[in-house]
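Have a look at the structure below, then the notes.
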Amino acid sequence: MSEAYERERQNNSRLDELASKVSALRGVTIDIYDNARDQHVIDNSNEIFSSFSTSLKGSASRLGRMAQSGNKVAVLKLAGIITVVVVLLWWIWKVVF
């Protein structure tokens with residue numbers, strides 16, 4: 001009877017070890033999933049900023065061509081946009097710092 005008790009105790013001990021290993025593996029799996037999800041968010045943000053940058057460059061080049069054509073309305077629009085951007089950046093700089 002004591003031999004059966006000893007084997008049962010060993011089985012329980014090994015079962016506890018196995019449970020702790022499974023728990024650790026589950027934690028690692030969750031960490032990997034969270035990291036992969038965060039990486040997807042970062043990649044998505046990079047794509048959005050890249051497309052925004054391309055769009056902004058295209059708009060700036062179109063405005064430059066409009067201003068070079070000598071159209072007074074286009075020059076005034078460009079000057080107004082630049083003024084608004086400078087004032088907005090100055091205001092943001094004052095608020096943040």
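Just to be sure before I move on: is LEU25 assigned to a helix (DSSP H, G or I), modelled with pLDDT of 85 or more and more than 37 Å from the chain's Cα centre (by Cα) in the structure I sent?
Numbers: assigned to a helix (DSSP H, G or I): yes; modelled with pLDDT of 85 or more: yes; more than 37 Å from the chain's Cα centre (by Cα): no.
No: the conditions fail for LEU25.
Name the pairs whose Cβ atoms lie under 8 Å apart, with the first residue in region 52-76 and modelled with pLDDT of 80 or more, the second of a type in the set (Gly, Ala, Ser) and part of a helix (DSSP H, G or I), and 6 or more positions between them or separate chains?
none
Condition (residue is surrounded by 10 or more Cβ atoms within 10 Å (Cβ to Cβ), assigned to a helix (DSSP H, G or I) and modelled with pLDDT under 80) applied to region 79-97: is it met by at least one residue?
no
The values are calculated or read from the model by the stated rules, or taken from the named source; none is laboratory data. Just so it is clear, the model here is predicted, and its values are computed rather than measured. So basically every Cβ, Gly included, is an ideal-geometry build from the backbone, and we count neighbours across all protein chains shown.
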